[in-house]
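Below is one structure; the comments refer to it alone.
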Amino acid sequence: MEFCPNCGTRLAPKQRTEEEKTVLVLACPKCGYEKEATQVVAVLPKVVEHGPEEQIAVISRKEQKLRTLPTVRMECPKCKNTLAYVWQVQTRGMDESSTQFFRCTKCHYTYREYS
């Protein structure tokens, strides 16, 4: 593990292409300092990027059909049905209470309640 001589941030392994040749360098993500790697770095980290639809989905269509969520008696603001599925998600800071979500069993309208 090496640190940037300019800002002290940990250097991360990175591949760079030079003249049709791939070179492994240690790069500072903060200031851009680069140094050629003198030792063999075991494994480059694999970056997994998720699309917006994967990050926002609270509960997908597949899980809606499972019908394994607990239900509560709660009036739907849209269709006035009195039964809803319920689950909780930590949407804010860990020191704050979680958000409770409800989904109507009849019209599938989803609404939330902040505790």
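So ASP95 passes all but one of these: (1) in a strand (DSSP E or B); (2) surrounded by fewer than 13 Cβ atoms within 10 Å (Cβ to Cβ). Which condition number does it fail?
Single failed check for ASP95: (1).
Could you check segment 12-29 and list, in sequence order, the residues that are among the hydrophobic types (A, V, I, L, M, F, W, C) and surrounded by fewer than 12 Cβ atoms within 10 Å (Cβ to Cβ)?
None; the set is empty.
Could you list, in sequence order, all residues of segment 98-115 that are farther than 16 Å from SER60 by Cα, part of a loop (DSSP other than H, G, I, E, B) and in contact with a strand residue (DSSP E or B) (Cβ under 6 Å, 6 or more places away or on another chain)?
SER98
Quick note: the coordinates plus some simple rules give every number you see, no bench work behind them. These numbers come from a predicted model, not from an experiment. FYI the Cβ positions are ideal-geometry reconstructions off the backbone, even for glycines, and counts take in every protein chain you see.
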